[in-house]
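Data block below; observations after.
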Amino acid sequence: MSEELRELWRYRYLLYMLVRRELKVRYKNSVLGFLWSGIPLLLQVFVYTFLFRNVVGVRAPNYSAYLLTGIIPWTFFSTAILDASQSLLINYPIIRKVYLPREVIPLASVLSNFVHFLLSWALYFIVFLGVAPLFGLGTPLLGSMVWFPFITIIELLLVIGCALVVASLNVFYEDVKFIVQTVFQLGFFLLPVLYPADQIYYTSHLIRAHPWLYKVYLLDPIAAIITAYRRMLLQPISPVAFNASLRGAKPLPFDWTLWFGACLLSFLIAWAGYAYFNRRKWLFVERP
């Protein structure tokens, strides 16, 4: 694997050019350009905030900020992997005719989405730490924000590992992209994207009866990453704000052991994904 990484480093300029091409193609002839990285997210948050406040009855303070800290990492995770799943097939004529490290193609998809991911966070900080306080809203700065770069790196590693596996499998089994897409649609509601992970613990009788299931739930790297972003950027919200029947319930403490366990899993997924891709990449040209 060390040789593969050295070869990838030699082709870093090609990777840079592929990422640049992806970004240019995506926003070609677009008036707003990179603003489209954040506009759909803000509109999505506006709609969900309206529904949860007026239909579901959520009374959580700063719920828009709370919601956005879940949607931003989830959008990067799902979109980057789905884009990478198709990247090798889209560039298949190049793979068959030109020598290059095959991994630069799905990596270009991941990194171009990573740029949108960072721009979305930049918009988040501008809105909730810069503009909103002028109107008496916004969120206070927390010292735990220093963990933000580390959480971001962990998510990038997780996405790279998953993207390489999905991209290589999809070359031979095109059902993979449909399976992944369906899993992501379900995961959006099953994972703590729209609500805190605490709600799973307090509202599920199965998990209350078997607390170890909650630990397994939080060992899911993407669930752990979303929870970490929220705990490091925002004050915990009382479960009562999401469910009035949970009187007396308090936010569960952040479990650092589970968090570092999820980080280790992310590293392992990145390593295993890259190793699996390297074992399969020279078979891509033999695709029937």
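Please verify whether LEU191 is farther than 26 Å from ARG96 by Cα, under 20 Å from the mean Cα position of the chain (by Cα), at pLDDT 90 or above and surrounded by 15 or more Cβ atoms within 10 Å (Cβ to Cβ), treating the condition exactly as stated. It would help to see each step written out before you state the result.
Details: farther than 26 Å from ARG96 by Cα: yes; under 20 Å from the mean Cα position of the chain (by Cα): yes; at pLDDT 90 or above: yes; surrounded by 15 or more Cβ atoms within 10 Å (Cβ to Cβ): yes.
Answer is yes for this residue.
Go through ALA224, ALA167, ALA197 for me and flag whichever is in contact with a helix residue (DSSP H, G or I) (Cβ under 6 Å, 6 or more places away or on another chain) and either modelled with pLDDT under 90 or of a type in the set (S, T, N, Q) (or both). Steps first, answer last, please.
Working: ALA224 fails: either modelled with pLDDT under 90 or of a type in the set (S, T, N, Q) (or both); ALA167 fails: either modelled with pLDDT under 90 or of a type in the set (S, T, N, Q) (or both).
Criteria check complete, one pass: ALA197.
Sort out for me the helices (runs of 4 or more DSSP H) sitting completely within the range 204-259 that have 1 or more residues that are more than 16 Å from PRO192 (Cα to Cα). It would help to see each step written out before you state the result.
On the way: elements: 205-209, 212-219, 221-233.
Where helices (runs of 4 or more DSSP H) fall fully within the range 204-259 and carry at least 1 residues being more than 16 Å from PRO192 (Cα to Cα), they are 205-209, 212-219.
Among LEU100, LEU89, LEU111, LEU123, which is the only one that is within 15 Å of the chain's Cα centre (by Cα) and touching a residue at least 24 places away in the same chain (Cβ under 8 Å)?
On the way: LEU100 fails: within 15 Å of the chain's Cα centre (by Cα); LEU89 fails: within 15 Å of the chain's Cα centre (by Cα); LEU123 fails: within 15 Å of the chain's Cα centre (by Cα).
Exactly one of LEU100, LEU89, LEU111, LEU123 is within 15 Å of the chain's Cα centre (by Cα) and touching a residue at least 24 places away in the same chain (Cβ under 8 Å), namely LEU111.
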Qualifying residue in the range 103-122 (condition: hydroxyl-bearing (Ser, Thr, Tyr), in a helix (DSSP H, G or I) and under 15 Å from LEU233 (Cβ atoms)): yes
Which numbered condition LEU141 fails, given (1) more than 19 Å from the chain's Cα centre (by Cα); (2) part of a helix (DSSP H, G or I); (3) farther than 30 Å from PRO101 by Cβ; (4) not charged (D, E, K, R): (2)
Checking SER37 against (1) closer than 27 Å to PRO149 by Cα; (2) in contact with a Leu (Cβ under 6 Å, 6 or more places away or on another chain); (3) modelled with pLDDT of 80 or more, the condition it does not meet: (3)
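Is at least one residue of the range 175-187 of a type outside the set (Lys, Arg), over 18 Å from LEU164 (Cα atoms) and either surrounded by 14 or more Cβ atoms within 10 Å (Cβ to Cβ) or more than 17 Å from the chain's Cα centre (by Cα) (or both)?
Pass one, the range 175-187, residues of a type outside the set (Lys, Arg): 175-176, 178-187.
Now drop any that are not over 18 Å from LEU164 (Cα atoms), which leaves 182, 185-187.
Going one step further and asking which of them are either surrounded by 14 or more Cβ atoms within 10 Å (Cβ to Cβ) or more than 17 Å from the chain's Cα centre (by Cα) (or both), we end up with 187.
Taking every residue of the range 175-187 in turn, at least one turns out to be of a type outside the set (Lys, Arg), over 18 Å from LEU164 (Cα atoms) and either surrounded by 14 or more Cβ atoms within 10 Å (Cβ to Cβ) or more than 17 Å from the chain's Cα centre (by Cα) (or both).
In the range 212-229, what residues are over 20 Å from LEU68 (Cα atoms) and not aromatic (Phe, Trp, Tyr)? Full working, then the answer.
Of the residues in the range 212-229, the ones over 20 Å from LEU68 (Cα atoms) are 212-217, 219.
LEU213, LYS215, VAL216, LEU219, listed by residue number.
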Near pairs, Cβ below 6 angstrom, 6+ apart or cross-chain, from the range 203-219 (closer than 17 Å to PHE242 by Cβ and polar (S, T, N, Q)) to any residue that is modelled with pLDDT under 85 and surrounded by 14 or more Cβ atoms within 10 Å (Cβ to Cβ): none
Subset tally (residues that are free of Cβ contacts under 8 Å to residues at least 40 places away in the same chain and in contact with a Phe, Trp or Tyr (Cβ under 8 Å, 6 or more places away or on another chain)) for the range 230-271: 0
Residues that are out of contact with any helix residue (DSSP H, G or I) (no Cβ under 7 Å at 6 or more places or on another chain) and either crowded, with 21+ Cβ neighbours inside 10 Å or of a type in the set (Val, Ile, Thr) (or both), drawn from the range 59-96: ILE90, ILE94
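Just to be sure before I move on: is PHE52 closer than 28 Å to PRO221 by Cα, in contact with a His (Cβ under 8 Å, 6 or more places away or on another chain), part of a helix (DSSP H, G or I) and modelled with pLDDT of 75 or more in the structure I sent? Before you say what the answer is, go through the steps one by one.
Working: closer than 28 Å to PRO221 by Cα: yes; in contact with a His (Cβ under 8 Å, 6 or more places away or on another chain): no; part of a helix (DSSP H, G or I): yes; modelled with pLDDT of 75 or more: yes.
Taking the combined requirement at face value, the residue does not satisfy it.
The values are calculated or read from the model by the stated rules, or taken from the named source; none is laboratory data. All figures in this text were calculated on a predicted structure; none of them were measured in a lab. In this analysis, Cβ positions are derived from the backbone assuming ideal geometry, glycine residues included, and neighbour counts consider all displayed protein chains.
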